[in-house]
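**Q** One structure, pasted below without further comment.
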Amino acid sequence: MTAQDIFLPYGVVSGLIFFMTIWKKWAEACGELIFPRRCSCCRVDLPSKGQVICGRCLDTVRYLHSPLCSCCGRGLPDSGGGDHLCGFCLRQPPVYSRARAAVHYEDPVSHLLHQLKYAADTSTLPALAQIMEPLVRELAQEFQPAGDRVIPVPLFPARLKKRGLNQSLLLARIFFPQAGEALLVDTLMRKRDTLPQTTLNGEARRKNLKAAFAVRNPAAVRGRRIFLVDDVLTTGTTVSECSRALLAAAAAEVCVLTVARVADYR
Ligand SMILES: [Zn+2]
Ligand SMILES: [Zn+2]
C-alpha cells in the first residue's frame, strides 16, 4: 500500500463532508421557503419568520393573574379584592413561602412542556419564553443577583443522561436571564432515582420523594432567598421536598416558580 492509497480515501471523505455541509445549508434555506416554519403546538404554517407559536394557540393560553393566593399562587374567584391567602394555605401553610406560575397547566402549554421534557425538543423554548414573558418581567423587578439564588429542581444523574436535558434548568435560565453565577446548578441534588410522580398519587407521591433531595454545599444557600424553578406545579410534593432540604441547609426562604400550575390539587 502506498502513501497515496491512504491519502486518497481521506481526500474523498473530506470532500464528501464539505459537500454535505454545503448541501445541508442549502437544503435548510430551501426548506424555509418550501416548508415554512410551523406553530410549535398545532403545526399550522406561520406567516412571519420570528414567530414560533400561532396566534390561535397563543389566544388559548390562560394566564394566572390577580386575585391569586398570596402564598401558593392559586387563582381565586374575582370578588373585587386583591391577592389574599386561600383556605388551603390558611389551614396548612406550605413549606415554601410562596409559589407563582405563569399560566394554567393545559394545552397548548402542557404539550410544549411535555415535548421539552420527554422528547428533549428545545425548539419549544422560544414559545415557552414568549408565554413566560409577563412573569419574567415581574421577577426582574424583584430578583437581586447579589443576594438571591436560583436553583432548578434537579434530576437524578442517570435520568438526566437518559433525557439529555434538565427542563427545569433551561426554564430557570428563561425566568432569570440576569442570574449569572446566582444560578446554582449542582447545589441541590437528587439522592436517588425516584419513580415519575405522574405515576403516583397522594401519599405515594410523598413517600416516593421523602428525603430524596440534599444540599451538596450548604454554605451556598445559607441565609439566601432561593428561587426554586420547576416546569409545572402539580401536587407541590416535589417542590416541598426540595424546599425542606434547602431550609434544612439554612436557606432564608424558598419561592417556587413554575411555568404552569394545575388548577386544583388539594
Ligand atoms: Zn398553533
Ligand atoms: Zn394558597
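**Q** Check Val103, Val61 and return the single one that is more than 16 Å from ligand 2 (Cβ to nearest atom), closer than 19 Å to Val239 by Cα and surrounded by 17 or more Cβ atoms within 10 Å (Cβ to Cβ). Steps first, answer last, please.
**A** On the way: Val61 fails: closer than 19 Å to Val239 by Cα.
Residue meeting the stated conditions: Val103.
**Q** Could you check the range 74-143 for helices (runs of 4 or more DSSP H) lying wholly inside it with 3 or more residues that are within 16 Å of ligand 1 (Cβ to nearest atom)? Full working, then the answer.
**A** Values: elements: 87-91, 109-119, 125-142.
Ranges flagged: 109-119, 125-142.
**Q** For the range 198-211, how many residues meet the condition of being under 17 Å from Val254 (Cβ atoms) and either more than 20 Å from the chain's Cα centre (by Cα) or at pLDDT 95 or above (or both)?
**A** So the answer is 1.
**Q** Here's something else I'd like to know. Which one of these is closer than 20 Å to Leu64 by Cα, touching a strand residue (DSSP E or B) at 6+ places or on another chain (Cβ under 7 Å) and modelled with pLDDT of 95 or more: Val136, Val150, Val103?
**A** Val103
**Q** Exactly one condition in (1) touching a residue at least 60 places away in the same chain (Cβ under 8 Å); (2) in a helix (DSSP H, G or I) is false for Lys161; which is it?
**A** (1)
**Q** Take the residues in the range 129-173 that are of a type in the set (A, V, I, L, M) and over 23 Å from Pro108 (Cβ atoms); name whichever of them is surrounded by the fewest Cβ atoms within 10 Å (Cβ to Cβ).
**A** Among those residues, the one meeting the criterion is Ala146.
Table: residues versus (1) within 22 Å of Leu165 (Cα to Cα); (2) among the acidic types (Asp, Glu).
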{"residue": "Arg205", "(1), (2)": "no, no"}
{"residue": "Lys210", "(1), (2)": "no, no"}
{"residue": "Val221", "(1), (2)": "no, no"}
{"residue": "Arg244", "(1), (2)": "no, no"}
{"residue": "Glu253", "(1), (2)": "no, yes"}
{"residue": "Thr258", "(1), (2)": "yes, no"}
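**Q** When the residues of the range 48-58 are filtered to those that are buried (at least 16 other Cβ atoms within 10 Å of the Cβ) and outside any loop (DSSP other than H, G, I, E, B), which remaining residue is nearest to ligand 1 (Cβ to nearest atom)?
**A** Cys57
**Q** Mind checking which pairs have a first residue in the range 182-194 that is within 11 Å of Val150 (Cα to Cα) and a second that is polar (S, T, N, Q), Cβ under 6 Å, 6 or more apart or different chains?
**A** Thr187/Asn217
**Q** Counting only residues that are surrounded by 11 or more Cβ atoms within 10 Å (Cβ to Cβ), touching a Lys or Arg at 6+ places or on another chain (Cβ under 9 Å) and not polar (S, T, N, Q), which one in the range 174-190 is modelled with the lowest pLDDT?
**A** Arg190
The values are calculated or read from the model by the stated rules, or taken from the named source; none is laboratory data. Quick caveat, the model's predicted, so the values are computed rather than measured. With ideal geometry, Cβ positions are generated from the backbone for all residues, glycine too; neighbour counts draw on all protein chains shown.
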